[in-house]
Structures are given as structure tokens and as C-alpha cells.
Amino acid sequence: MRAVHCVVSIVVLILAIAAGVSACSAQVSFSTPQPLPDAPRTLGPVTVANASGEPPAHFLGTGSTKTEIVAPAPAAVRTRTADSSFFLMNGIYLGMAVFDVELTQRCIAAQRCRETNPLMPSSQAGQLSINLALVASTGGISYWLKKHRSRLWWLLPATGIAVHSVGVATGFEHQ
């Protein structure tokens, strides 16, 4: 019965992450914005005149009654820092951390194992608070790296996923 509960928990976690990723990917557009087909970039010469057909007084000294109107240049395209890949990596990291804590607490309660990390408290609240602080700080550093266009932004969450995967595997081993 316990194995069924664990499998159901894993399936629910995977479905929750998939729903979050699909919601995030629905908001992100990867295509480059194209100008509207009827949006002119430069308008041709325009004749400036008042109701009588004569140019205004401030144009009389210039010798020309034609001016050119230029539309402003389009703004630079900004990519999102917190996109679906960012949420996917950090979401899996968070899920694996919580799953690791829960399996460890279950194993400790059954007196089949103990916490081997000497810096980690044995209580559930202590383990969750430390792991959530680590996930939050790692997510912040990962966000900063991605915002500054570092190609290694994913390395910290991937390391956390790997470490907690070992913890989850050990939790399954000691059931």
C-alpha cells in the first residue's frame, strides 16, 4: 500500500509540473514580432498649408513647404528571463527537495534509517526550511545568471536535482 502511495505522489508531482510548464509555455512567444503590414516606416513628402492654401508664417523663411515624417524605430525585442525552461528546472528541483525530505522523514519514523548529513536537522520542519532556503537562493542565483545571459544558469538547479535524486533513491531503497 505504501508503494502505491509513493507512485501516486510521483504521478501527481509530475502532472503538477507538466501543468505549470504548459501554462508557462502558453504565455511565452518565441517568434520575433513582425511589424504590421500597414504600418509605414517613412511617409513621403507632406505639404504643410493653412486653410487658404498658403504655408504658415514660420515656414515662409525656409523656402520649402515640404517636410518628411519618419516613424520611430521599433523597440528592441526583450526575451523573458523566467521562461518555461527556468520554471521547469527550478520546479523539478523544488519537487525533488520536498520529495527527498518526505521520504527521509518516513524512513526516520519507521526507524530504518537516519539523516547522514551532519548539517541537516532531523526534524521535518528543520529539513524543509533549510531545503526551501537552498532552493530559493539557488533559484535567485540561477535567475541572475540567466538575466545576464550566462549559458550556465541551469547548472545550479541541475546539481540540486541530482543531489536530491540520490536522496530519493536512497529513500526508496530503505522502504
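Since every read-out is calculated from the coordinates, none of them should be taken as a lab result. Because the structure is a prediction, the values reported are computed rather than measured. For neighbour counting, all protein chains shown are included, and Cβ atoms are generated from backbone atoms with ideal geometry for every residue, glycine included.
If you filter the stretch 105-159 down to residues that are assigned to a loop (DSSP other than H, G, I, E, B) and among the basic types (Lys, Arg), you find that the one that is surrounded by the most Cβ atoms within 10 Å (Cβ to Cβ) is Arg112. Here Asn131 meets the list (1) free of Cβ contacts under 8 Å to residues at least 60 places away in the same chain; (2) more than 26 Å from Asp83 (Cβ to Cβ); (3) in contact with a His (Cβ under 9 Å, 6 or more places away or on another chain) almost entirely, failing just condition (2).
Just to verify a result, which residue in the stretch 74-104, among those that are charged (D, E, K, R) and farther than 21 Å from Leu156 by Cα, is surrounded by the fewest Cβ atoms within 10 Å (Cβ to Cβ)? Talk me through it step by step, then tell me what you get.
Of all residues in the stretch 74-104, those charged (D, E, K, R) come to 78, 80, 83, 100, 102.
In the following step, the residues that additionally are farther than 21 Å from Leu156 by Cα were identified as 78, 102.
Working: Arg78: 6, Glu102: 17.
Step by step, filter the stretch 74-104, then rank; the result is Arg78.
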